[in-house]
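The values are calculated or read from the model by the stated rules, or taken from the named source; none is laboratory data. Computed from a prediction, not measured in an experiment: that's the story for all the values here. Every residue, glycine as well, gets a Cβ built from its backbone with ideal geometry; the counts of neighbours run over all protein chains shown. Keep in mind that these areas ignore ligands, DNA and RNA; they rest on the heavy atoms of the full protein, side chains included. Shrake-Rupley method; radii C 1.70, N 1.55, O 1.52, S 1.80 Å.
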Number of protein chains: 2
Amino acid sequence: MTQHAIQDTYPDEIAVCYGCGRHNPQGLHIKTYWDGKEGVFHFQPEPYHTAFPGVVYGGLIASLIDCHSIGTAVAAAYQAEGREPGTTPEITYVTGNLNVAYLNPTPIGVELVLKSQVKEMGRRKTIVTCTIYANDTECARGEVTAIRVSSRFGFGQPNN
Amino acid sequence: MTQHAIQDTYPDEIAVCYGCGRHNPQGLHIKTYWDGKEGVFHFQPEPYHTAFPGVVYGGLIASLIDCHSIGTAVAAAYQAEGREPGTTPEITYVTGNLNVAYLNPTPIGVELVLKSQVKEMGRRKTIVTCTIYANDTECARGEVTAIRVSSRFGFGQPNN
């Protein structure tokens, strides 16, 4: 298990993501700890992250899966290139597709555990799977298609 | 177009959802206005709902699609049964599956428009599609499988 989350190696200027940016005070601060085979993240939802009383909001679950899976794609890509995370040129991905199957109601008040793996890694596209557990019960299963882009600075401009 | 959002007809006790509950002060207050064929919702993200600088966070987009699509399923089901929304017995759905394709970066600072339709309606399962536009550009397309449950009170208990 790495000591640092992959998100801690993202450049300061782009570390503002509501999901995983360390420089977003209102954000969720999702952090992916990658051990070379699996990404792990523990998260305690706030009481207001509710759907119905007692159940975690599905949009929060989707958010956790999204950033944790992108973090997994980034960490795995540095590893595949034999490079330390955070070294330049920056490796960066955006979400192309997010799929979440809600398998069981996720109880609120319990620490959630996310575990992710790389299912496929291509030159431009990496598919990451991610499962959320609460009290060892599998509550949701996600799949994210992560698209490699040249930079997150000016993302959305031509040639990105 | 109905005057009231479908979420305004949800019972007080369960209207606490982070996405669409009117009784969740920290929540997003997603509201679905259903005209009999289409559900519409306008939303202005906050500056902190960012992914990278200038782009809306994908987890927020997933959250908007989730609650707006569930609201659409509920509204369409009352219509199919020829009943006024909010009449008892309550019609309620939970999310079984959520899929979001991110087609274009969603610019932050722009009002987003969500439009939803019912693709399939079964006895227990309704599939809703939802598109998010910014400045008339299609930014994301979602599909939600909504599962009808007998009640949101005690959801997660056997027989729900």
Counted residues, the range A:61-83 - those being within 13 Å of chain B (Cβ to nearest Cβ) and either out of contact with any strand residue (DSSP E or B) (no Cβ under 8 Å at 6 or more places or on another chain) or surrounded by fewer than 16 Cβ atoms within 10 Å (Cβ to Cβ) (or both): 2
Residue within the range B:84-100 that is within 18 Å of the chain's Cα centre (by Cα), in a helix (DSSP H, G or I) and surrounded by 15 or more Cβ atoms within 10 Å (Cβ to Cβ) present: no
Scan of the range B:25-60 for residues that are at the interface with chain A (Cβ under 7 Å from one of its Cβ atoms) and of a type in the set (S, T, N, Q), ordered by number: B:GLN26, B:THR50
Tabulated pairs, the range B:36-62, first part of a loop (DSSP other than H, G, I, E, B), second basic (Lys, Arg), C-beta under 8 angstrom, 6+ apart or interchain: B:GLU38/B:LYS115; B:PHE52/A:ARG152
Enumeration of residues in the range B:3-58 that are within 17 Å of B:GLY109 (Cβ to Cβ), open to solvent by 70 Å² or more (accessible area, probe 1.4 Å) and not polar (S, T, N, Q): B:HIS42, B:GLU46, B:PRO47, B:TYR48, B:PRO53
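Can you report the number of residues in the range B:59-97 which are over 17 Å from A:ILE65 (Cα atoms) and hydrophobic (A, V, I, L, M, F, W, C)?
Narrowing the range B:59-97 to residues over 17 Å from A:ILE65 (Cα atoms): B:67-94.
Checking which are hydrophobic (A, V, I, L, M, F, W, C) leaves us with B:67, B:70, B:73-77, B:80, B:91, B:94.
Of the residues in the range B:59-97, 10 are over 17 Å from A:ILE65 (Cα atoms) and hydrophobic (A, V, I, L, M, F, W, C).
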Subset of the range B:64-83 [under 15 Å from the mean Cα position of the chain (by Cα) and small (Gly, Ala, Ser)]: B:SER69, B:GLY71, B:ALA73, B:ALA75, B:ALA76, B:ALA77
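Within the bounds of the range A:104-117, is there any residue that is away from every other protein chain (no Cβ under 14 Å), loosely packed, with under 15 Cβ neighbours inside 10 Å, out of contact with any Ser or Thr (no Cβ under 8 Å at 6 or more places or on another chain) and at negative phi?
We begin by selecting, within the range A:104-117, every residue away from every other protein chain (no Cβ under 14 Å); these are A:111-113, A:115-117.
Still in the list and also loosely packed, with under 15 Cβ neighbours inside 10 Å: A:111.
In the following step, the residues that additionally are out of contact with any Ser or Thr (no Cβ under 8 Å at 6 or more places or on another chain) were identified as A:111.
Filter again for at negative phi, leaving A:111.
Among the residues of the range A:104-117, at least one is away from every other protein chain (no Cβ under 14 Å), loosely packed, with under 15 Cβ neighbours inside 10 Å, out of contact with any Ser or Thr (no Cβ under 8 Å at 6 or more places or on another chain) and at negative phi, which makes the answer yes.
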